[in-house]
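**Q** Sharing a structure below in structure tokens format, with a few things to ask.
Each value in this text was obtained by applying a stated rule to the coordinates, not by laboratory testing. These figures come from a predicted structure and were not determined experimentally. Cβ placement follows ideal geometry from the backbone for every residue including glycine, while neighbour counts extend to all protein chains displayed.
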């Protein structure tokens, strides 16, 4: 395993104002701290807006309630997608980038001015886009496929958001350069920073795709240029739409490693393998966006098969590596603390009352067992034919983006606020149940959507009743989706209330360590050196085989359904 050594005086030698963290002992650049705060708070605000839209949509798709009128359904659907999948995620990811390039590297932020420009453009673009949507001038959904056309300010807002994020990523790269130049650390870059670097590289490719798609569409909406080709637009747009979620994956995995270390002392089993997995994301994850175009006539069969049946699996391999090494590192840490009995004897001693830790583990399980299995299956061309544009697709990405990324980011906030804002959380018992409530709600949402989609319910459809072909089972699963949405959004409101309440009323921890959420402790009577390294990961190995069994059952069940649909005498 590689190590990183920090130079304690390096940050102050670089001429930046800083403070010493009373909990970790690390130096914190005050400029970096300021923009971590700004971007994190902005992200949580847009998360709240997206959550309000989410419950309105769920209560509309739940046919027994059917809340919104048709025009407002598509308006709120557009609003929800952009706020939850773009604005909330990108703001919080920029906060993560600023954290990863300053605090672990003991380095000053490259430029306050650049950070202000980034934040200003992102905030302006997000507000502009939301206002245009709520005015009813952009009922085109998040994908905004041509020839549907929105008000020019809709496209301009997204362009400003993308440019602002790119500038923030540039600030991240600049800080990495300063850290290397000033030798603020020795050895390899910390894994947390390396994961953020992978996310930043993918973000550049993603946002460039967005610019290529949105700028010609904006000029067309202004009447300056001819309409871009709709087939071309769809292909380029998914380089933005899907890859933006892969930036999330890198950031989410980074959070898993960080929280695992903070809560249990777990260190990666092998940092070289973990870094290699991040490199696989950089090289191949962008190709996975092809699975959104598997029924599109504008691209050839060879291109589809290569991207989704071969190249995509190299990115899947990266996720499977992380999904093994994260729990394996935690299991080894727990067995080193003396929990050596049985296959899962160490699980009960994990710090489950720590909301950051429980959020990270629930995130990993939902992402792997629900999002990962369904995603790989839907990436198969023949299966995609019967699942495309059904609620199965939304069931999949609610498991990955919401159950995975959003829940992991929520967990990180339970450390960010005490360490960066220097306020101890209020209502700690409520904070401890919040990840479980949110994870359970999203699990029901994903299951309800996936099964309703398997029964033929289309995504983005306002009303299924006129079709007259759906029985009580379909309505049952839509009801499960609705109940899950109520639980998840209630938990989201609880999370936002805890964060805001802590910032306003939380007890300051300046001058002392943060109030601990709980960490794994050594077993009573532990004898050092008793760990059998050959069996140190046996629990994780068993979980791996359970995962593979679940994947095989789900995958072949889909092929059975395909055979039923396409049976030929």
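**Q** Restricting to DSSP H runs of at least four residues, report the calculated mean residue ellipticity at 222 nm for the chain, -39500 (n - 2.57) per run over all residues, nearest 500 deg cm²/dmol.
**A** My calculation for the chain gives -21000 deg cm²/dmol from helical runs alone.
**Q** Along each of its three principal axes, how wide is the spread of alpha-carbon positions in the range 187-351, in whole angstrom units, largest first?
**A** In descending order, the Cα extents are 69, 31, 30 Å.
**Q** Sticking with this one: Where does the range 338-403 land on Rg(C-alpha)/(2.2 N^0.38 Å)?
**A** Rg over 2.2 N^0.38 Å, computed on Cα atoms: 1.52.
**Q** Next up: What's the percent breakdown of Cα-Cα distances in the range 281-410 across 5 Å bins, shortest bin first?
**A** 2, 10, 16, 18, 17, 12, 9, 7, 5, 3, 1, 0
**Q** Let me ask something else. Counting every Cα pair in the range 35-122, what percent are over 14 Å apart? List each step's numbers first, then the result.
**A** Details: 2593 of 3828 pairs.
Considering the range 35-122, 68 percent of its Cα-Cα pairs are separated by more than 14 Å.
**Q** Given a cut-off of 25 Å, what percent of all Cα-Cα pairs of the range 382-487 lie beyond it?
**A** Value for the range 382-487 (Cα pairs over 25 Å): 35 percent.
**Q** Further question on the same structure: Could you tell me how far the Cα centroid of the range 431-446 sits from the Cα centroid of the range 178-246, in Å?
**A** Going from one Cα centre to the other spans 31 Å.
**Q** Assuming 0.36 nm per residue, please report the length gained on full extension of the stretch residue 302 to residue 116 beyond their Cα-Cα distance.
**A** Separation in residues times 0.36 nm, less the Cα-Cα distance, equals 62.4 nm.
**Q** Please report Rg (one decimal) and Dmax (integer) in Å for the Cα set of the chain.
**A** Just the Cα atoms of the chain yield Rg and Dmax of 23.4, 78 Å.
**Q** With a point put 7 Å past each Cα toward its Cβ, work out how far residue 385 is from residue 226 in nm, to one decimal.
**A** The modelled label-to-label distance comes out at 3.5 nm.
**Q** Contact order normalised by length for the chain, with contacts defined as Cα pairs under 8 Å and 6 or more residues apart; what percent is it?
**A** Details: 929 pairs, mean separation 90.2, N = 569.
Across the chain, relative contact order equals 16 percent.
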